[in-house]
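Structure first, commentary second.
The values are calculated or read from the model by the stated rules, or taken from the named source; none is laboratory data. Owing to the predicted nature of the structure, the values given are computational and were not obtained by experimental measurement. Here the Cβ positions follow ideal geometry from the backbone for every residue, glycine too, while neighbour counts run over all protein chains shown. Remember, those area values only see protein heavy atoms, side chains included, never the ligands or the DNA or RNA. Shrake-Rupley method; radii C 1.70, N 1.55, O 1.52, S 1.80 Å.
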Amino acid sequence: MAAGVLLLVVAALTVWCLTRVRRLHRLHARVDAARSGLAAALARRVRVALEVAELLDPPRGASLAAAATAAGAGSAPAADGRDPAGTRESREMAENALTRELAALGGAVPDPRLAAELDDAQQLVVLARRVHNDAVRDTRVLRSRRLVRRLHLYGTAPEPVYFEIVDPEPASLRYRADVGSTRHRTVM
């Protein structure tokens with residue numbers, strides 16, 4: 001009788017471990033896919049920012065091109081999907097610098113088609129970063145469970161890290177803020 005109960009407990013624990021391992025594998029695959037999507041969104045934003053820089057006057061264009069080039073230099077993840085902490089931090093800093101440069105434009109992009117494409121690229125970066133960070137959060141939560149940690153169910157997979165950059169402000173919100181402030185000034 002005791003051997004049957006022990007066998008049942010071992011079988012239940014084995015099934016539980018297998019489901020956790022499968023879930024962790026799916027979550028790590030989701031993080032990898034989200035990282036690739038984020039890298040593609042960041043690369044697209046760099047490409048559009050370089051196109052915008054070509055249309056601007058030399059000082060502004062050169063500043064934007066330098067920020068875009070710096071961000072583009074670190075936009076590809078390592079071949080194994082891992083980013084050393086220093087590389088990740090420098091990527092985040094370069095992307096934040098590009099975000100500041102684009103925000104300084106304040107919608108002063110000469111070509112309306114390019115302005116729309118830049119706004120679309122900015123929004124895609126916001127979404128891709130959120131998807132990536134959500135996948136990282138879900139994976140880290142499951143990895144932090146006591147039994148998962150003790151039994152080392154995540155194997156050799158590195159712990160995923162968040163990608164923290166300042167979200168660019170969408171052009172539609174900038175426009176609404178400008179309209180609201182103009183309206184406020186005319187009322188006074």
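Is it the case, given these coordinates, that Arg91 is assigned to a helix (DSSP H, G or I), open to solvent by 30 Å² or more (accessible area, probe 1.4 Å) and out of contact with any Phe, Trp or Tyr (no Cβ under 7 Å at 6 or more places or on another chain)?
no
So is Leu173 modelled with pLDDT of 95 or more and either of a type in the set (Ser, Thr, Tyr) or open to solvent by 60 Å² or more (accessible area, probe 1.4 Å) (or both) or not?
no
Pairs, please: C-beta under 6 Å, at least 6 apart or cross-chain, first residue surrounded by fewer than 16 Cβ atoms within 10 Å (Cβ to Cβ) and in the range 95-110, second at pLDDT below 90 and basic (Lys, Arg)?
Listed by first residue and then by second, the contacts come to Gly107/Arg174.
Considering only the range 69-77, I want to know if a residue exists there that is at pLDDT 90 or above and open to solvent by 50 Å² or more (accessible area, probe 1.4 Å).
Scanning the range 69-77, I find at least one residue that is at pLDDT 90 or above and open to solvent by 50 Å² or more (accessible area, probe 1.4 Å), so the answer is yes.
Please go through the range 1-48 and give me each residue that is within 30 Å of Leu102 (Cβ to Cβ) and of a type in the set (D, E, K, R), ordered by number.
Result: Arg30, Asp32, Arg35, Arg44, Arg45, Arg47.
Kindly provide the set of residues from the range 23-75 that are β-branched (Val, Ile, Thr) and under 18 Å from Ala108 (Cα atoms), ordered by number.
Narrowing the range 23-75 to residues β-branched (Val, Ile, Thr): 31, 46, 48, 52, 69.
Across the range 23-75, the qualifying residues are Val46, Val48, Val52.
Could you tell me whether Val52 is at pLDDT 90 or above, farther than 21 Å from Val131 by Cα, open to solvent by less than 20 Å² (accessible area, probe 1.4 Å) and under 18 Å from the mean Cα position of the chain (by Cα)?
no
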